[in-house]
């Protein structure tokens, strides 16, 4: 009986992680700094045109609308800087989410009910039966900012005195060669 309970617990923990990994971009993720006071990472680098030299984090990967980055732990930090660089001839829109729990982790998440990960609610959204917990909020929506790249450009968003949790980047829309990079830095 105890073995069955342990096995069921493992299945419940692993099932959401499998759902999370389906749309997660990991090749271009690169941690640049991580200490008690400061965390910095390249969350996403899209290279749909295959024109950025190098491989892995340097060269990037192919992105499609709705792709997500790995979550980064910014708990205990209160300041965040977001940089979105558009390189290509296409256009892209990035979003940055602050999540209460690691998306797809052991906490109840929309992925267990077939919803999207990390969540569907905007900051003003209302939980409902199909997506009961607003686990994530869009930092750019909350700030009234759109991280839109329609040509080679840089978008920057800085927030301070915010209680941060797990930060996730998303390529919300990718049209054509939406070659772009999304960087996040959080600290105290």
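Descriptive notes on the structure:
- Residue in the stretch 92-107 that is at pLDDT below 90, surrounded by fewer than 16 Cβ atoms within 10 Å (Cβ to Cβ), out of contact with any strand residue (DSSP E or B) (no Cβ under 9 Å at 6 or more places or on another chain) and farther than 17 Å from residue 166 by Cα present: no
- Yes/no for residue 55 being touching a residue at least 60 places away in the same chain (Cβ under 8 Å) and in a loop (DSSP other than H, G, I, E, B): no
- Within the stretch 136-188, strands (runs of 3 or more DSSP E) holding 2 or more residues that are closer than 14 Å to residue 93 by Cβ: 147-149, 153-159, 166-175, 180-187
- Scanning the stretch 58-75 for residues that are surrounded by fewer than 19 Cβ atoms within 10 Å (Cβ to Cβ) and part of a loop (DSSP other than H, G, I, E, B) returns 58, 59, 62, 64, 65, 66, 75.
Every residue, every condition in (1) touching a strand residue (DSSP E or B) at 6+ places or on another chain (Cβ under 9 Å); (2) surrounded by fewer than 16 Cβ atoms within 10 Å (Cβ to Cβ); (3) under 24 Å from residue 135 (Cβ atoms); (4) at pLDDT 85 or above, yes or no:
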site: 9; (1), (2), (3), (4): no, yes, yes, no
site: 14; (1), (2), (3), (4): no, yes, yes, no
site: 19; (1), (2), (3), (4): no, no, yes, no
site: 29; (1), (2), (3), (4): yes, no, yes, yes
site: 37; (1), (2), (3), (4): yes, yes, no, yes
site: 45; (1), (2), (3), (4): yes, no, no, yes
site: 55; (1), (2), (3), (4): no, yes, no, yes
site: 77; (1), (2), (3), (4): yes, no, yes, yes
site: 80; (1), (2), (3), (4): yes, no, yes, yes
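The values are calculated or read from the model by the stated rules, or taken from the named source; none is laboratory data. Given the structure is predicted, the values throughout are model-derived calculations rather than measurements. Don't worry about glycine lacking a Cβ; one is built from the backbone with ideal geometry, like all the others, and counts go over all protein chains shown.
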